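Heads up, the thing below is written out as structure tokens.
FYI, it's all coordinate maths here, none of it is from the lab. Treat the numbers as computed from the prediction; the structure is a model and nothing was measured. For neighbour counting, all protein chains shown are included, and Cβ atoms are generated from backbone atoms with ideal geometry for every residue, glycine included.
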Amino acid sequence: MNDAGPVLAVTGLGFSRSGRPVLRELDLALDAGRITLLTGHNGSGKSTLLRILAGLLPPDRGRWHIDGTPGSSWQEVRRSLLQRHCYLHQQPYLFDATVFDNIAYGLRRRRVPRREIAERVARALRHVSLEPLRDRPARALSGGEQQRVAIARAWVLRPRLMLLDEPVANMDKPARRRSIDLINRLAEHGIAVVVTSHDPQHGELRIRRHLHLYQGELSERRLRTEAASASH
Amino acid sequence: MESLGEAGIQALRLLLTGDPALWTIIGISFSVSLRAILIAAPVALLTAFALAYARFPGRRLLVALFNTALSIPAVVVGLTLYMLLSRAGPLGDWRLLFTQDAMIIGQILLSFPILVAMGHAAFQATDRRAWETALTLGASPWQALLTLIHEIRFGLMAALLAGFGRIIAEVGSSMMVGGNILNHTRNIPTAIALETSKGSFAQGIALGLVLLLLALILNLALLTLQGRGEVTA
């Protein structure tokens, strides 16, 4: 487990859409091996922030440090973000292929040798308990299983930061519990994790930090455990 | 004048006995149209992708222009190309008139708008999450584009078939810039036009049967592939 320091630090992050500010001069640092909960109302900009941190959306401004290294241009920063971070949509998109091929997708793009791909995908399938479904068409799986495939597909790339957009929304209890367990294990593997939600109740999710996005500004909120111990 | 039934029977006989003149015409048709679609397709599909995914001024106008170009008669394309390629035309020095290359250029111009319009519709129907997922998993923009093409392969195959269907059957452009020269630029549609004008309906119908047979084979192939897609989706 790597708790060395921030995997990502950004200051003065700003983003506007059609002239309306969505994110206003945000400062944010994310540590390895920690789960950060990001809450906010629908349309508050949570997904926008995640997509910027994933390198999928260019911000208007911001100064970046990725693993301690300052980024000079957005092009350079974007390349680093895309290489090191993985973003999962609220309903993950699975390619029209088998579970194995979905999980192997990123490894193949990185030209990992075939034998190593087979080993890493097998490990990822064990990690998400989906070994029997290895050769099934990914889109034929249930919603919860599809999400586990998407998590395995990202995890197998050993990302520094995983950005999960509403990962347990619309799930039944067993699927939710399994997903939460998986997310906790991502952090145990030293991955920084950001989870968005409009609902701060996340049961067993081992949240180390709670940020709230309101009118384009981030504020630190006390964790429920801290609030409970302060009241005693 | 032969009856339709007699012409049909004679047509089948010509096809099955491997009439060399007939098969040369069929060979020229396929060779020209396949080369045209192979050259047009990559550029047209990239254009379609850019129109669906990029945001730039004039994008909607371009889409409207490509959709309008779907209705251009082949003979107008042929006439324009003829004026450009004729000795007195601006491209006369290229000496392409009445060659297969001129026919290929005409067919590229005819298939391009179909490929762009249908490709654009297919790319527009894609889920943007597919593009973002490919990128976030480390794909380069080119690799992400190939992934997207794989995701909408059936729609793109339908576009290719429609484009190929139009050019293999067009007569106007091939006649004007190809010149209908035997063993050189005579393809199925120009041969049908010639045979009909001479009253030789059997060869005309035989060639027509080849076109229909080709369309049937291509469509059956697409349906089979799509069927497989449904099973695995």
*Regarding region B:1-97, what are the three Cα extents along the principal axes, ordered largest first, in Å?*
59, 37, 25
_Among A:Asp31, A:Asp96, A:Asp67, which one shows the highest mean-square fluctuation when chain A is modelled as a Gaussian network with alpha-carbon springs under 10 Å?_
A:Asp96
*Which three lengths, in whole Å and largest first, does region B:152-205 cover when its Cα atoms are put on their principal axes?*
46, 24, 17
_Dimensions in Å of chain B - Rg and Dmax from alpha carbons_ = 20.4, 68
*Per-residue ³J(HN,Hα) for region B:3-12, Karplus 6.51 cos²θ - 1.76 cosθ + 1.60, θ = phi - 60°, Hz, x for Gly and Pro*: 6, 4, x, 4, 4, x, 4, 5, 4, 4
*Return the distance in nm (one decimal) between the two label points of a simple spin-label model at A:Glu204 and B:Met157, each offset 7 Å from Cα along Cα→Cβ.*
4.4
*How would you classify region A:75-198 from its alpha-carbon gyration tensor, with a ≥ b ≥ c the square roots of the eigenvalues: rounded for a/c under 1.5, else prolate if a/b is greater than b/c, otherwise oblate?*
oblate
*How much length is gained on full extension from B:Met83 to B:Phe56, taking 0.36 nm per residue of separation minus their Cα-Cα distance?*
6.4 nm
*Just grab the label-to-label distance for A:Arg158 and B:Thr196, each label 7 Å out from Cα along the Cβ direction, in nm (one decimal).*
6.8
*Measure nothing but the geometry: give the 0 to 90° angle between the long axis through the Cα atoms of A:173-188 and the longest principal axis through the Cα atoms of chain A, rounded to 10°.*
80
*Based on the Cα coordinates of the protein assembly as shown, what is the per residue volume of their convex hull in Å³?*
201
_Percent RCO, i.e. relative contact order, over chain A, from Cα pairs under 8 Å lying at least 6 residues apart_ = 29
*Computed E for A:Glu220/A:Ser16 - FRET, C-beta separation, R0 25 angstrom, nearest 0.05*: 0.55
*Going by alpha carbons, how many degrees (0 to 90, nearest 10) lie between the helix axis of B:20-53 and the longest principal axis of chain B?*
20
*Report, as an integer, the average count of C-beta atoms from other chains found within 10 Å of each Cβ along B:136-145.*
6
*Which translational diffusion coefficient, to the nearest whole µm²/s, is obtained for chain A from the Stokes-Einstein equation, given a Kirkwood hydrodynamic radius over C-alpha pairs, 25 °C and 0.890 mPa s?*
134
*Average other protein chain Cβ within 10 Å of Cβ, residues A:90-97*: 5
*Report the FRET efficiency, 1/(1 + (r/R0)^6), for A:His41 and A:Arg123, where r is their Cβ-Cβ distance and R0 is 51 Å, rounded to 0.05.*
0.85
*Quick one: Debye curve from the alpha-carbon atoms of region B:56-131 only, equal weights, vacuum; give me log10 I(q)/I(0) at q = 0.13, 0.20 Å⁻¹ to two decimals.*
-0.53, -0.89
*Estimated FRET transfer efficiency (A:Ala169, B:Val43; beta-carbon r; R0 51 Å; 0.05)*: 0.75
